[in-house]
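Down below is the structure, laid out as structure tokens.
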Amino acid sequence: DLARKAGLGAELDTLEKDGILCTVRGNHLILSGRRPRGTLYAVYDFLESLGCRWVMPGPFGELYPDAKTIRTAIDKVENPSHRERYWWCTYGNDKLYAQWTLRTKGNFVRGLGDAMVAQGHALSQPLGWGARQEKYSVVKNVDGQEIRVLPDDFYARVGGRPNHHIPNMSNPRVWDMYADYYINSFSSSPFTRYVSISAEDGLTLDEHEWSR
């Protein structure tokens, strides 16, 4: 309300949920967002403009300038470039992590009503799909039965054998197949907002020369 009363209604209306507005009007510093979380981010953005840094959770990672006075001509209206903004801590995080990720405009701590993008190991899913497509698969006789499979060079190679969970990303036809898979995914489910393509945990190895 205070930002709108200062004549910044048009700027506020361009903000998304976590967008920030930082500006000076006369002798007033205005730090605002469309919702309280955005306002919090605006405050941290202003502190960053003064030289404050939070490079890791906890006091050891807090850097503050030594200044007797503060001067600013900040003028920023900005929306986040990404919906999801946080570090994934594989082995967990301590109680200071939540505060740190808010200071760095992360959203590990969810706002009320915010959806969370589901994470999954889905890099191998297009391989199974491709094995059913005549465009990419070949017919192979297995135990007297003809089935469709992908050629071995569609897979990463580990220990001289194909790894059926990892694609051979040095094969251009694999890129084509993956593109077709995701085009098909969004075409058949046009309201889907995202897909996961993350690899399995562990090292993603491949012995193909161009992959190395």
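Determine the share of the chain's accessible area contributed by carbon and sulfur atoms, expressed in whole percent, with a 1.4 angstrom probe.
55 percent
Working from the pairwise distances between different alpha carbons, so that the mean of 1/r is found and then inverted, what is region 136-180's Kirkwood radius in Å?
It is 11.4 Å.
Of Asp66, Asp45, Asp153, which has the most accessible area with a 1.4 Å probe, and how do the rest follow in descending order?
Descending order: Asp66, Asp153, Asp45.
Where does the chain land at 222 nm, in deg cm²/dmol rounded to the nearest 500, when only DSSP H runs of n ≥ 4 count, each adding -39500 (n - 2.57), divided by all residues?
It lands at -7000 deg cm²/dmol.
Quote the accessible area belonging to Arg148 in square angstrom, nearest 10, computed with a 1.4 Å probe and with ligands, DNA and RNA left uncounted.
About 100 Å², rounded to the nearest 10.
For region 93-212, what number results from the quotient of the Cα radius of gyration and 2.2 N^0.38 Å?
1.40
Given a 1.4 angstrom probe, what's the average accessible area per residue across the chain, in square angstrom?
Using a 1.4 Å probe on heavy atoms only, each residue of the chain averages 68 Å².
Measure out, as a whole number of angstrom, how far apart the alpha-carbon centroids of region 180-208 and region 83-100 sit.
Here the two parts' Cα centres lie 24 Å apart.
Using alpha-carbon positions, what is the distance between the centroids of region 136-178 and region 1-54, in Å?
52 Å
Please state the Cα pair-distance histogram of region 38-121 with 10 angstrom bins from zero: what percent is in each bin?
Bin by bin from 0 Å, the calculated values are 14, 44, 31, 10, 1, 0.
Lys17: which lysines have alpha carbons under 27 Å from its alpha carbon, excluding same-chain residues fewer than 8 sequence positions away?
Cα-Cα hits under 27 Å: Lys5, Lys76, Lys95, Lys105.
Any chance you could give the angle, 0 to 90 degrees and rounded to 10, that helix 36-49 forms with the longest Cα principal axis of the chain?
Helix 36-49 and the main axis of the chain meet at about 80 degrees.
Please give the helix 172-188 orientation as an angle from the longest Cα principal axis of the chain, in degrees from 0 to 90, rounded to the nearest 10.
Tilt relative to the chain: about 70 degrees.
Take the alpha carbon atoms of the chain, find their radius of gyration, then divide it by 2.2 N^0.38 Å using N residues; give the quotient.
1.47
Given Cβ point charges of +1 (Lys, Arg) and -1 (Asp, Glu) and nothing else, what value in debye, to the nearest 20, does the dipole of the chain about its Cα centre take?
Charge dipole, the chain, about its Cα centre: 840 debye, nearest 20.
Leaving ligands, DNA and RNA out of it, work out the accessible area of Glu146 with a 1.4 Å probe and give it in Å² to the nearest 10.
Roll a 1.4 Å probe over it and Glu146 shows about 140 Å².
Students often check this: by mean Cβ neighbours within 10 Å, which of 101-107, 172-178 ranks highest, and how do the rest follow?
Highest mean packing first, the order is 101-107, 172-178.
Of His165, Ser188, Met116, which is farthest on the positive side of the dipole of the chain, counting Cα position, with +1 on Lys and Arg Cβ, -1 on Asp and Glu Cβ, and the Cα centre as origin?
Met116
The values are calculated or read from the model by the stated rules, or taken from the named source; none is laboratory data. All of these numbers come straight from a predicted model, not from anything done at the bench. Note that each Cβ is placed from the backbone with ideal geometry, even for glycine, and that neighbours are counted across all protein chains shown. Calculation scope for accessible area: heavy atoms of the full protein, side chains included, ligands and nucleic acids excluded. Shrake-Rupley method; radii C 1.70, N 1.55, O 1.52, S 1.80 Å.
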